[in-house]
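Before any comments, here is the structure.
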Amino acid sequence: DTAVSQTPKYLVTQMGNDKSIKCEQNLGHDTMYWYKQDSKKFLKIMFSYNNKELIINETVPNRFSPKSPDKAHLNLHINSLELGDSAVYFCASSPPVSRYNEQFFGPGTRLTVL
Amino acid sequence: AQTVTQSQPEMSVQEAETVTLSCTYDTSESNYYLFWYKQPPSRQMILVIRQEAYKQQNATENRFSVNFQKAAKSFSLKISDSQLGDTAMYFCAFMRMLAGGGNKLTFGTGTQLKVEL
């Protein structure tokens, strides 16, 4: 299936641990994004890569580091996890500028920090 | 910076009735896109409808239509013949294009819609 996929879908971990979330898209898009959805359902952009170059880097703690090995993948690594990092993290991708500008979202990863 | 405001945290509607969700935004951009996304309990983000700012004609997609008032910076979503499956969180979003490629989506705080029998 053509889609944006994320692994894992659920992640439960202890405070202080380091974890990664992986994202892959097979839509042939140039741009990928990471969003955080907090407990109040508010969605906020964290990072974006266009052709493997960082183009959006919002005010996010340095413990969060995105990595894009190629255009189809954008991973999110989080160091020294804190309780406040508990959220749903969404990956998304978008095609080059076109008439039908749209972001396609992955299923989300629910991260719970205990 | 762009801001998107959804002033209705929760709404309910009877099945088969019509409901309108409000959204206003603030921007100095002249070229942009507006979206409504739906997030059911499965948490998947689903695109409902899209509007290009340069188009005066309001977008429609089956039972979903928008009232786009560019001067007033208003972008409301009308759902006709509401169905139980429409129960979800609805997010209004503003998109601006970035120089060099890519775009940036700014979301509103969402409206939780419940369709009742």
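Taken together, the values in this text are just the output of simple stated rules run on the coordinates, not laboratory data. Predicted model only: the values in this text are computed from it and were never measured. In this analysis, Cβ positions are derived from the backbone assuming ideal geometry, glycine residues included, and neighbour counts consider all displayed protein chains.
If we count other beta carbons within 10 Å of each Cβ, what is the order of A:His73, A:His29, fewest first? Walk me through the numbers on the way to the answer.
Details: A:His73 16, A:His29 19.
Going from least to most buried by this count: A:His73, A:His29.
Cα centroid distance between segment B:36-82 and segment A:52-98, in Å? Cα centroid of segment B:36-82 versus Cα centroid of segment A:52-98: 27 Å apart.
I need the shape label for chain A. Rule: rounded when a/c is under 1.5, else prolate if a/b > b/c, else oblate, with a, b, c from the alpha carbon gyration tensor.
Details: a/c = 1.83, a/b = 1.72, b/c = 1.06.
Prolate, since a/c reaches 1.5 and a/b exceeds b/c.
Sorted from fewest to most neighbouring beta carbons within 10 Å, what does the list B:Thr20, A:Thr59, B:Thr3 look like?
On the way: B:Thr20 15, A:Thr59 6, B:Thr3 12.
Ranked by crowding around the Cβ, least crowded first: A:Thr59, B:Thr3, B:Thr20.
Neighbour counts of C-beta atoms inside 10 Å place B:Ser7, B:Ser82 in the sequence B:Ser7, B:Ser82, starting with the fewest.
Here's the list of lysines a cross-link from B:Lys73 could span, going by alpha-carbon distance under 24 Å and ignoring same-chain residues fewer than 8 apart: A:Lys41, A:Lys44, B:Lys38, B:Lys55, B:Lys104.
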